[in-house]
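Scroll down for the structure; my scribbles are underneath it.
Readers should treat all values here as calculations from the given coordinates under stated rules, not as data from a laboratory. Predicted model, so just to flag it, every value in this text is computed and none were measured. As a convention, Cβ positions derive from the backbone with ideal geometry for all residues, glycine included, and neighbour counts pool all protein chains shown.
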Amino acid sequence: RGKTNLMLKVASAIADNAHIPILYYSWEQTARVLFLRILSQQTFIPPYILETKNVLNDPTFSKRYDKGYVKVESFMNYVYLIEGRREDTMNRIRSHALSIMQEARTDKVAIFVDYLQKIPTSILYQDLAQQVDEVSGGLASLSLELNCPIFAISSFDKEGSKLDSEESLQRPTMFNSTGGGDIEYDADVAMVIIKDFKDTNTLYEKIMNSTREGRVDPNRIPHFDILNLYIDKNRDAPFGGNIIIQYLFLIEDNNLVEIGYKDIAQDRTYAKISRIFDWMLENGYLVNMR
């Protein structure tokens, strides 16, 4: 939930700010779909509308599209969207990265892998854990060799997927990574993004109350989740602290909007939920009837 969208936002931000080559490998999505998601994030227009409608002739979308397209155009030359294949082993990724760096005349690069369990290995393992250990160690070694950040998405195991599908006192952690024996040792930073059921339900109740009061159009309510991004491990961070960053995930838009840090000591969230509600009104995700 939201993992690919978060990684695309990070990749776009690095390309936009650092102006270095970004290699984004995906074994899940085509390059076209990934580009539509990036464009959607910058224009705040859902991918299906970008693909099916002439947004330039639609006053609802044309200004947003023009502004977002200029933004994408400014950094997209640095982004390489690659559809992962069986041939794209660790050695192939390494060779590709070195080739791109030479072509761009730079010693800097960032690599994204979506997702870790899909990277092919030279040996066909019967045990997924052995395959994941080889890939995880290979990514760590490649990061050191190229002196570059590597971002790898991982799927949850069955227990982690169950914990992420229902409200529970427990949550998935980095230990719920599929086949993830050595990931906890190889990774410098481990982040887990999951749904915040309580805050999502609180926002939904506020919107429903507003529809009953006649303030908000009940036929124009988007699908959304509030997500928590947990920093389960940060090798270079000081000890202590429980860092949780919250996002509003606009599902139709395939977009994540940062809310801010979550205060776990705060029982009442009325002020925060009201700010999110007001933002949705101001940006057209909710339609004011008054």
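In the stretch 112-245, Cα pairs under 8 Å separated by at least six residues give a relative contact order of 22 percent. The residue 69 and residue 126 beta-carbon pair, evaluated with R₀ = 45 Å, returns a calculated FRET efficiency of approximately 0.40.
Report the charge-dipole magnitude of the stretch 189-290 in Debye, nearest 20, computed about the Cα centre from +1 at each Lys and Arg Cβ and -1 at each Asp and Glu Cβ.
Values: 13 positive and 15 negative charges, 43 e Å.
For this selection, approximately 200 debye.
Once the Cβ-Cβ distance of residue 212 and residue 28 is raised to the sixth power relative to R0 = 41 Å, the FRET efficiency obtained is 0.55.
When the charge dipole of the stretch 226-290 is built from unit charges on Cβ atoms (+1 for Lys and Arg, -1 for Asp and Glu) and taken about the Cα centre, the candidate among 249, 284, 264 whose Cα reaches farthest toward its positive end is 264. Taking 0.36 nm per residue of sequence separation and removing the Cα-Cα distance, the residue 48/residue 258 pair yields an extension gain of 73.3 nm. Count Lys and Arg as plus one, Asp and Glu as minus one, and take only other residues whose Cβ is under 10 Å from that of residue 184; the net charge is then -2.
Give me the orientation-averaged projected area of the Cα convex hull of the stretch 38-196, in nm², one decimal.
Details: hull surface 49.7 nm².
One quarter of the hull surface, i.e. the mean projection, equals 12.4 nm².
Compare the peptides 52-58, 210-216, 35-41 by average per-residue count of other Cβ atoms within 10 angstrom and give them in order, highest first.
Working: 52-58: 11.7, 210-216: 14.6, 35-41: 21.4.
Highest mean packing first, the order is 35-41, 210-216, 52-58.
With the simple spin-label model, which puts each label point 7 Å out from Cα in the Cβ direction, the residue 282 to residue 171 separation comes to 2.6 nm.
Rounded to the nearest 0.05, what FRET efficiency do residue 271 and residue 162 give with R0 = 30 Å and r taken as the Cβ-Cβ distance? Could you check? All intermediate terms of the calculation are to be shown ahead of the outcome.
Working: r = 32 Å, r/R0 = 1.08.
That pair, residue 271 with residue 162, gives E of 0.40.
Residues whose amide H falls under 5 Å from that of residue 215, counting only those 5 or more places apart or on a different chain, are absent, with hydrogens built in the peptide plane.
Taking the beta-carbon count within 10 Å as an exposure proxy, list 169, 163 from fewest neighbours to most.
Numbers: 169 5, 163 19.
Going from sparsest to densest Cβ surroundings: 169, 163.
Put a plus charge on the Cβ of each Lys and Arg, a minus charge on the Cβ of each Asp and Glu, and nothing anywhere else: the dipole of the chain about its Cα centre is then about 860 debye. Here each label is just a point 7 Å from Cα along the line to Cβ, and for residue 236 and residue 56 those points are 4.4 nm apart.
Sort the following peptides by mean Cβ neighbour count (other Cβ atoms within 10 Å, averaged over residues), highest first: 67-79, 259-271. Provide the component values of the computation, followed by the final result.
Numbers: 67-79: 16.2, 259-271: 11.0.
Most protected by this proxy first, the peptides run 67-79, 259-271.
Note that the chain shows a convex hull volume over its alpha carbon atoms of 152 Å³ per residue. Over 31 Å between Cα atoms, which of 53/262; 118/233; 162/206 qualify? Distance filter (> 31 Å) returns 53/262.
Residues 87, 145, 252 in ascending order of nearby Cβ atoms (within 10 Å, fewest first): 87, 145, 252.
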